[in-house]
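Nothing in this text is a laboratory measurement; each read-out follows from the coordinates by a stated rule. Nothing here was measured: the structure is a model prediction, and the numbers come from that model. Ideal geometry is used to build each Cβ from the backbone, glycine not excepted, and the neighbour counts take in all protein chains shown.
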């Protein structure tokens, strides 16, 4: 009987110890992995819970804490995209807080203290953090500017806050390599970063850098066809850049193409002495009266030399910029187009 009691006691002790071991929380890396699995399956609420648990589980300032913040930041960005969020106090704003915290943590991280096995994971996390900041800053700027067609915004209308957000998005994008692919959504590649950078430059009014950025896009990787002139590279035609950027941003079809008014946006290439007229998907340039040319280059017409003026025979014709003047000769009076001899 005593042996049976002793045996049962041993079983009870062993069983209790097992229960204690099973109640110990799982490692922070487990929640991060599960967070990304949920993220890749577009289960963003679930991913949110896993990353938050990882943040609570891991030591503040650790690599896993950093990775948890990055994951949570990306989750908030995708939650915002899913509901087409427009509020400036929602998921995108929260994503900025998460990614900013990750960035600050990274800047204060002692790389020498990171164990070798975590080096690759950590540096991949840094790359994903930069990519997340690119998207978050640009998205937040659009929300701040309250402009549905942000790429159509003129740089004069930007507030300092919005301008800084676009500039930061550009700065973070420069940290990424040309082979970047977001491992948790392989449809997001460096091409998307370039499109966003081009858009940001365009909004800021830096046409030259916008064109340079656009011309770096790998059109073979797009998965759809666009106008051949876009693929051949854009030189200084800013209106063509807007059209091509719209095509690339919307899988080869620009839904706003017939709404783009290059004349109002001042993205046309008309001469200063020409009139810009908006047309369906394009525009025309016509030299002002008194000038000749194709509209993109206009030169003054010398009406006096060409004798196309309407000065009186007893008047002197003087050419001016875009026009001419008539002045009655000495001994005559009038407005120059009609001169009568003085008595």
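Work out, in µm²/s and without decimals, the Stokes-Einstein translational diffusion coefficient of segment 301-341 at 25 °C, 0.890 mPa s, Rh from Kirkwood over C-alpha pairs. Walk me through the numbers before you get to the answer.
On the way: Rh = 10.0 Å.
Taking Rh from Cα pairs, D becomes 246 µm²/s.
Take residue 227, project a point 7 Å from its Cα along the Cβ direction, then tell me which residues of segment 191-206 have their backbone nitrogen under 17 Å from it. 199, by backbone N distance to the label point. Put simply, the C-alpha atoms of segment 193-251 give a gyration tensor, and the ellipsoid matching it has half-axes of 17, 12, 10 Å, longest first. Across all directions, the average projected area of the convex hull around the alpha carbons of segment 199-329 is 10.0 nm². R0 = 51 Å: FRET efficiency of residue 250 with residue 30, Cβ-based, nearest 0.05? So, using R0 = 51 Å, E works out to roughly 0.80.
Suppose a student asked you for the relative contact order of segment 59-100, using Cα pairs under 8 Å spaced at least 6 residues apart; what percent would you report? Over segment 59-100, the number comes to 46 percent.
Extension gain for residue 266 to residue 235 (0.36 nm times residue separation, less C-alpha to C-alpha distance): 9.5 nm. When you count the other C-beta atoms within 10 angstrom of each residue and take the mean per peptide, 196-205, 167-176 line up highest first as 196-205, 167-176. Highest average first, the peptides 132-142, 32-42 ordered by how many other beta carbon atoms sit within 10 Å of their residues are 132-142, 32-42. Volume per residue of the convex hull around the Cα atoms, evaluated for segment 259-302, comes out as 53 Å³.
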